[in-house]
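Written out below as structure tokens is the structure these notes cover.
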Amino acid sequence: MAKVKTYTDDNGNNIIVKTGITWGQSFKKYWQLYLLLLLPIAYLLIFKYTPMRYIVVAFKEYKLNMPLKEMPWATTNKQVDYFKYFKKAFQNPDFLRALRNTVKLNLLDLICGFPAPIIFALILNELCFKRFKKVVQTIAYMPHFLSWVIIASLVSHLFATNDGLVNQMINYLGGESISFLGDPTNWVRTYVAAGVWQNFGWGSIIYLAAIAGINTELYEAASVDGAGRFKKMWHITLPGIKPTIVVLLIMNLGYIMGGGFERPFAMKNNLVMENAEVISTFVYKVGIQQLKFPLTTAVGLFQSVVGLFFLLTANTISRKLGERGIW
Amino acid sequence: MKVKSTSTKIGDAVFVIICILISIICIVPMLNLAARSLSGTEFLIRHEVYIWPKGFNLEAYQTVLSDPKYQRAFVWTAFLTLVCTLLSLTMTALCAYPLIFPKLKGRGFINVLITITMFFNAGTIPNYLLMSDLHLLENPLVLIIPACLSIYNMIIMRSFFYGIPDSLRESAEIDGASHIKVLWKIYIPLSKPVFASLALFYAVGRWNGYGDALMYIKTQKQYFPLQLLLYNILNNVNAVEVAAQEGFMQPGLKDSLKAATVMFATVPILLIYPWLQRYFIAGVTMGAVKE
């Protein structure tokens, strides 16, 4: 059925206006578009929606080679206990540690990693030699194109306790070698620094675009009024990119429970597991290596649901402020 | 032309110096890696290699480049990257193009379907169990199909498509061109920048990715992408086994050899990305622009 809107005109007559088109008309006109959409929709249904069926494993006793439907519900002392594995997860010190580390590392990443691209963009904006600026940009984007395996290998050489370049420099300057990778606290610092290093250049792209969108007349007017470099930076550039900063900050807060796998997995080592184990690596170890599926599915579901909550909150705040959310 | 005051000149110089320092911090790790890959063993053992090779030799590269295992992994990963990029670009265009038609029935529903996937992920284990049920474990297709459409990239392409004037499409439609023809003859040729940008994103993602291979492929080692091979070598996973398998006689590799291996896996991307800078900047920016 086409959408129908009814209006009443001045004489009290009803006027029926058809808006939009019917499904039949749409198919007739756009059948080729539906054809094009077949593959992407099949992809979404199979690889994004079907996995949701398996979430039920979190509430069941997993049996190998048994269809999902026939698997018995989780039981404690022969009593059905749907949330058995959630309770187990929260009694599991390894999981609690991973949860703590996930939040801690994400927060530290945010605190150190979020301002870095903004500061870098402000610095780049002050450069007046176009060619030089371009070269610096190209160099700063480079770390983004390295895989975490490679970054972890670079880090392990640069920060090695005995012969790493950084410690050799410290020794040269008269300091004592620091165990950057073997000491859990220092490892966290190195991990966060590697994140900043990898992302500050790439992250600045978006701020540079925002800065480019600022009306240049503002700068000229400020110059006439005698504003110096930092005054202009503070009173024009920063307010100009404030909306971008706010949206990105809120959206980043939304990912506080998230967490990639490749970075912590590549960078962790056995000496620092108390700080390096995060949820994603915990799920890999306990789920895929030790095959404890219900427990790790429960952990994953917990992470997804809390993540969803944070994201929706972030998105709502972002929209309230009049900015675009991610949908 | 205004004459700059001395304080402005000093300020300019300070910012130039800061940028040089930042650039050095970005480059030094790579220089150190390159220097190690080109240095002689005796200098490496004595920790004398910083950012310039000592005892210059190409032995490590000769070993790596002539090793059939590396050649194979390189060719396989390059092939995988090419296939993934082409497939992903196709899927992205197939998804993005129909969604720009405001009157398409069901468009709202599809948008909701897409949006949900951006907010909620079933999790690692449900995905793993699905791959298992689809018989994709230990199957090279698992490195291609499950990640063949990124919603973020689709949104970038869609906002680029939105920027193409409707009048172009409408006049072609009046001339009797079908929708598919319009996509092929008008939208894709006009969208080269966004295709270049997304091709780079997809290609880098595949070239650098190893998590999926780590989870889904355990025994079929011939399907390991380069980065996973690298991870196993650098972390001495089953040192003896890997060394024997990868064609090195002694367990534990020489430092220069490891460095050369890392260079071997890095250089292709480092050679490509500077030339696509204009495009990926546009791509990143577009992802953030209001629709």
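Side notes on the structure shown:
- A simple spin-label model places pseudo-atoms 7 Å from Cα toward Cβ; at B:R72 and B:Y162 they are separated by 4.9 nm.
- Ranked by how many other beta carbons lie within 10 Å on average, peptides B:22-29, B:268-275 from highest: B:22-29, B:268-275
- Highest-first arrangement of A:253-266, A:42-55, where packing means the average Cβ count within 10 Å: A:253-266, A:42-55
- Gyration tensor (alpha-carbon) shape descriptor, the protein assembly as shown, a/c threshold 1.5: oblate
- Inter-site label distance for A:S223 and B:A172 at 7 Å from Cα along Cβ, in nm: 4.4 nm
- In this structure the amide hydrogen of A:K60, modeled in the peptide plane, comes within under 5 Å of the amide hydrogens of A:A74, none closer than 5 places in sequence on its chain.
- For B:111-122, mean number of other protein chain Cβ atoms within 10 Å: 6
- Estimated FRET transfer efficiency when R0 is 35 angstrom, pair B:L21-A:L321 (beta carbons, to 0.05): 0.45
- Formal net charge of residues neighbouring B:C95 (Cβ-Cβ distance under 14 Å; K, R +1; D, E -1): +3
- Qualifying trypsin sites (Lys or Arg not before Pro) in region A:258-297, where qualification requires a DSSP coil assignment and no more than 13 other C-beta atoms within 10 Å, are lacking entirely.
- Here each label is just a point 7 Å from Cα along the line to Cβ, and for A:M233 and B:H135 those points are 6.2 nm apart.
- Shielding of B:165-171 by partner chains, average beta-carbon count, 10 Å: 0
- Cα-derived Rg to Rh of region A:231-270, Kirkwood definition: 1.29
- Members of A:K134/B:K69; A:K292/B:K221; A:K48/B:K185 lying beyond 28 Å, as alpha-carbon distances in this model show: A:K134/B:K69; A:K48/B:K185
- Karplus 3J(HN,Hα) series, Hz, for region B:121-132 with 6.51 cos²θ - 1.76 cosθ + 1.60 (x for Gly, Pro): 10, 5, x, 4, 5, x, 4, 4, 5, 5, 4, 4
- Within a straight-line Cα-Cα reach of under 20 Å, B:K181 can be paired with the following aspartates and glutamates, leaving aside sequence neighbours fewer than 8 residues apart in one chain: B:D166, B:E170, B:E173.
- Cα gyration tensor shape of region A:92-320, rounded if a/c is under 1.5, else prolate or oblate by comparing a/b with b/c: oblate
- Taking other residues whose beta carbon is less than 13 angstrom from the beta carbon of B:A213, and scoring Lys, Arg as +1 and Asp, Glu as -1, yields 0.
- Per-bin percent of Cα-Cα distances, region B:6-45 [10 Å]: 27, 28, 22, 15, 8, 1
- Backbone phi angles across region A:41-58, fed through the Karplus curve with coefficients 6.51, -1.76 and 1.60 (θ = phi - 60°), yield HN-Hα couplings of 5, 4, 4, 4, 5, 6, 9, 10, 9, 4, x, 4, 4, 6, 4, 4, 4, 4 Hz in residue order; Gly and Pro are listed as x.
- Per-residue shielding of B:86-93, expressed as the average number of other chain Cβ atoms within 10 Å of the residue Cβ, stands at 1.
- Here region B:59-288 was treated as a single set of alpha-carbon atoms; its pair distances binned every 5 Å from 0 give 1, 6, 12, 14, 15, 14, 12, 10, 7, 5, 3, 2, 1, 0, 0 percent.
- DSSP-assigned coil residues among trypsin sites (Lys or Arg not before Pro) in region B:182-225, each with at most 13 further Cβ atoms within 10 Å: B:K218
- Shown here for region B:1-74: GluC sites (Glu not before Pro) in loop regions (DSSP other than H, G, I, E, B) with at most 13 other Cβ atoms within 10 Å, of which there are none.
- Cβ-derived FRET efficiency at R0 41 Å, B:N57 paired with A:E176, nearest 0.05: 0.75
- Treating r as the C-beta distance of A:Y82 and B:T117 and R0 as 35 Å, the FRET efficiency rounds to 0.85.
- Per-peptide packing, taken as the mean over residues of other Cβ atoms within 10 Å, places B:94-107, B:130-143 in the sequence B:94-107, B:130-143 from highest down.
Laboratory data are not the source of any read-out in this text; all were calculated from the coordinates shown. For clarity, every value in this text was computed on a predicted model and none was experimentally measured. Reconstructed Cβ throughout: ideal geometry from the backbone, glycine too, with neighbour counts over all protein chains shown.
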